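The values are calculated or read from the model by the stated rules, or taken from the named source; none is laboratory data. Everything quoted here is computed from the prediction, not taken from an experiment. Every residue, glycine among them, receives a Cβ derived from its backbone with ideal geometry; neighbour counts consider all protein chains shown.
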Amino acid sequence: MIILIGNQKGGAGKSTLTLVLANYLTMSRHCKVTVIDMDYQQSIVQKYQRAKLLENSEPYEVIAASLEQYPALLKVLTENLEDLVLIDLPGKLDDDGLIGVFRSADLVLCPFSYDEFSFESTVLFSVVLEKINPEVQTVFIPNRIKANVRYETMAEVDQQLGRFGLVTESIPDRIDFSRVSTFRTPASLIPVVQPVMDQLFVNYFAFLVDDLNANDLNTY
Ligand SMILES: Nc1ncnc2c1ncn2[C@@H]1O[C@H](COP(=O)(O)OP(=O)(O)OP(=O)(O)O)[C@@H](O)[C@H]1O
Ligand SMILES: [Mg+2]
C-alpha cells in the first residue's frame, strides 16, 4: 500500500508526521514499513543515518529515491499488499515526474494548519491530486495547531476540506516535535499524536493486519 505525505505548503509537518506514523505503525502495530524520502532536503535520510550510528537495529528502512528510480522501486515494494510504503514528498511539487508518484498512491495524508495561506495551498493540492488520481483517498491532518485558533475558522476549513476527504483530530504545536527521530517519538508527544494515529490505523490500515485483536479496537 502506497501512502504519500504531501502538501505544497513548506513546513506543514510532512517529514515529521511521516516519522511519527512510521514509528507508530512499526512499534505499536507491528506493521512492515518502508519510508521513501523524496524531499530534496533529504531530512529523513539524514536523521536515519545519524540514528543508525547510535542504535543497534532499525525498525524500518529509509530509502532516498529520485523520481527516475521510483518506478523500479515501486515494483519491488508493492509485491506484498500489507507492506506499507510511506513517501515523504517535497514541499515544491514542480516536477512532472511527480505525476507518476501521485498516480501510484492509495492514500494521501496532507498536514495543514488553520491559516489562510495554508488553507489555499491545501485546497490547490487537493484539486490537483483529485485530477491526477480520482480514486485516491485523502486525509487532512491539522498540525501545529495553537490553542488560540478560532472555532469558527476551524469549522469552516474542516467543512471545505471535508469535500475532498476526512479531516482528523488536531495535532497541537509542541516544541518537542523537533526531537522526533527514525527510532522514536518522544514519550511526551505520545498522548498528543496517539488519537490521530489510532484514527488513521482504524480507518485505513487495520484491515491489513492479520492478527488484529478485535477487543483492541473497541477501546478507541
Ligand atoms: N506539531 C508541531 N508542533 C511544533 N513544531 C512542529 C510540529 N510539526 C512539525 N514541527 C516543526 O516544524 C518544522 C517543519 O516541519 P517538517 O520539516 O516536518 O515540515 P515539512 O512539511 O516536511 O517541510 P518541507 O516542506 O520543508 O519539507 C520542523 O522544525 C518541525 O520540527
Ligand atoms: Mg520535509
- request: Name every residue in the stretch 1-50 that is hydrophobic (A, V, I, L, M, F, W, C), within 18 Å of PRO186 (Cα to Cα) and crowded, with 19+ Cβ neighbours inside 10 Å, in order of residue number.
  value: LEU17, LEU19, VAL20, LEU21, ALA22, LEU25, ILE44
query: Of (1) part of a helix (DSSP H, G or I); (2) buried (at least 20 other Cβ atoms within 10 Å of the Cβ); (3) within 16 Å of ligand 2 (Cβ to nearest atom), SER178 satisfies all except one. Which?
result: (2)
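Got a sec? Which of TYR24, TYR40, TYR48, TYR70 is modelled with pLDDT under 95, aromatic (Phe, Trp, Tyr) and more than 16 Å from ligand 2 (Cβ to nearest atom)?
TYR70 is the lone residue from the list that is modelled with pLDDT under 95, aromatic (Phe, Trp, Tyr) and more than 16 Å from ligand 2 (Cβ to nearest atom).
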- prompt: Residue check, LEU25 against (1) in contact with a Cys (Cβ under 9 Å, 6 or more places away or on another chain); (2) in a loop (DSSP other than H, G, I, E, B), all met but one. Which one?
  reply: (2)
- prompt: Restricted to the stretch 69-88, and to residues that are assigned to a loop (DSSP other than H, G, I, E, B) and out of contact with any Leu (no Cβ under 9 Å at 6 or more places or on another chain), which residue is nearest to THR34 (Cα to Cα)?
  reply: THR78
- prompt: So LEU77 clears everything in (1) within 16 Å of ligand 1 (Cβ to nearest atom); (2) surrounded by 14 or more Cβ atoms within 10 Å (Cβ to Cβ); (3) at pLDDT below 90 except one condition, right? Which one?
  reply: (1)
message: Could you check the stretch 132-155 and list, in sequence order, the residues that are charged (D, E, K, R) and modelled with pLDDT under 95?
response: LYS146, ARG150, GLU152
message: All but one of (1) assigned to a helix (DSSP H, G or I); (2) closer than 28 Å to ILE36 by Cβ; (3) more than 16 Å from ligand 1 (Cβ to nearest atom); (4) not aliphatic (A, V, I, L, M) hold for GLU120; state the number of the condition that does not hold.
response: (3)
query: Any residue in the stretch 32-48 that is within 15 Å of ligand 1 (Cβ to nearest atom), touching a strand residue (DSSP E or B) at 6+ places or on another chain (Cβ under 6 Å), of a type in the set (Phe, Trp, Tyr) and touching a residue at least 24 places away in the same chain (Cβ under 8 Å)?
result: yes
- prompt: So PHE205 fits all but one of (1) at pLDDT below 95; (2) more than 14 Å from ligand 1 (Cβ to nearest atom); (3) exposed (fewer than 14 other Cβ atoms within 10 Å of the Cβ); what number is the exception?
  reply: (3)
query: Applying the selection to the stretch 123-145, what residues are in a loop (DSSP other than H, G, I, E, B) and within 15 Å of LEU107 (Cα to Cα)?
result: ASN133, PRO134, GLU135, VAL136
